[in-house]
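The values are calculated or read from the model by the stated rules, or taken from the named source; none is laboratory data. Owing to the predicted nature of the structure, the values given are computational and were not obtained by experimental measurement. FYI the Cβ positions are ideal-geometry reconstructions off the backbone, even for glycines, and counts take in every protein chain you see. Only protein heavy atoms, including side chains, enter the accessible area calculation; ligands, DNA and RNA are left aside. Shrake-Rupley method; radii C 1.70, N 1.55, O 1.52, S 1.80 Å.
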Amino acid sequence: MIKRNTQQRRRLILDRLAELGEVKVDELAHAFETSEVTIRKDLASLEANGLLLRRYGGAVPIPKELINDPHDEQVSEQKQAIAQSAAGLIRDHNRIIIDSGSTTAALLPELSEKEGLVVMTNSLSIAGALRELENEPTLLMTGGTWDTHSEAFQGQVAEQVLRAYDFDQLFIGADGIDVARGSTTFNELVGLSQVMAEVAREVVVLAESNKIGRKIHNLELAWSKISTLVTDKQLDASVAEQIRAQGVNVVIAK
C-alpha cells in the first residue's frame, strides 16, 4: 500500500476497524508502511476523539452503550468545524498558546500537518495529546498552581513563565460571549488568560454559537483584546455584524 498522510491514514484505519471489528498495531504498520510508534500515535489520537478504544496491541470499536447521544454528537461536529477553521489560521513554524478547554482541545488533531510548531499550554490533557502528534511540535508548559475548576495551571508562576516568551497566536475558548463586552467565564481566575492575550500578537476565541449572547459576570477578555472569533454557522448574521463592529474578525466555520 502506498504511504498516506496522517489524516488519510487515520480514516483508513477507521474503515478497517469498521470492516474487521478489531485492528492490530503490527498489521497496520505493515499495511501502511510506517512504524508501530506512528500507528500507536494514530490510535491514541482517534481514541481521544472518541472514535475507537485502544486495547493491548491494537484497538476495537466504541461499544454502542458508550456512544454519545445525537445532541452531543452535533455539538462535537460544531466544535470540529470550528477547530478546522481555526487551524487554517495557523502557519508552519508559528509559536502558539492553546488554553485549556474542550473546544480548544478539538483543535489538536488539526495540527498534525503543521510543521515546526511551538506550543505553550497550561493544560496537562492538551500537553499529553500534543505529545501524540506525529509531527511532534515543541511543547512548553506554563507550570503554576493547579486549579481544579478549570483543570489547568493558573497563578503568578504561570504568568511569569508566559511573560518570558512571545507568541504569534493565542487560541482560547469561552463560557459565554457578551456581544457588548467580550468573552466571559464562570471562572473567577482570569489573570492568566489576560496575560496569554498580552503576549500573543493575535488572540483567537473559539466558541460555539449557542454561547454567544450568554452573559456571565466575569469578563475574561474585552473585545479590544480579541482579534478573531471563530464560531459555527448557526450564528445569527445580525449578531455577527454587531461583533464585527467591535473591530473583531468573525470567522464562520462551514
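Quick rundown of the values:
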quantity	calculated
Options 240, 164, 222, 245; residue that is in contact with a strand residue (DSSP E or B) (Cβ under 7 Å, 6 or more places away or on another chain), free of Cβ contacts under 8 Å to residues at least 60 places away in the same chain, among the aliphatic types (A, V, I, L, M) and over 21 Å from residue 83 (Cα atoms)	222
Number of positions in the range 93-104 that are open to solvent by 40 Å² or more (accessible area, probe 1.4 Å) and either closer than 16 Å to residue 137 by Cα or of a type in the set (Asp, Glu) (or both)	2
Which listed residue, of 208, 151, is touching a helix residue (DSSP H, G or I) at 6+ places or on another chain (Cβ under 6 Å), charged (D, E, K, R) and closer than 17 Å to residue 100 by Cα	208
Pairs with Cβ under 6 Å, 6+ apart, first in the range 18-42 and within 20 Å of residue 130 (Cα to Cα), second part of a loop (DSSP other than H, G, I, E, B)	38/134; 41/132; 41/134
Qualifying positions in the range 182-238 - of a type in the set (Lys, Arg), open to solvent by 70 Å² or more (accessible area, probe 1.4 Å) and at pLDDT below 95	214, 215, 233
Residue 80, sole failed condition from (1) in a strand (DSSP E or B); (2) at pLDDT below 95; (3) open to solvent by 30 Å² or more (accessible area, probe 1.4 Å)	(1)
Failed item in (1) modelled with pLDDT of 90 or more; (2) over 17 Å from the mean Cα position of the chain (by Cα), with residue 106 passing the rest	(2)
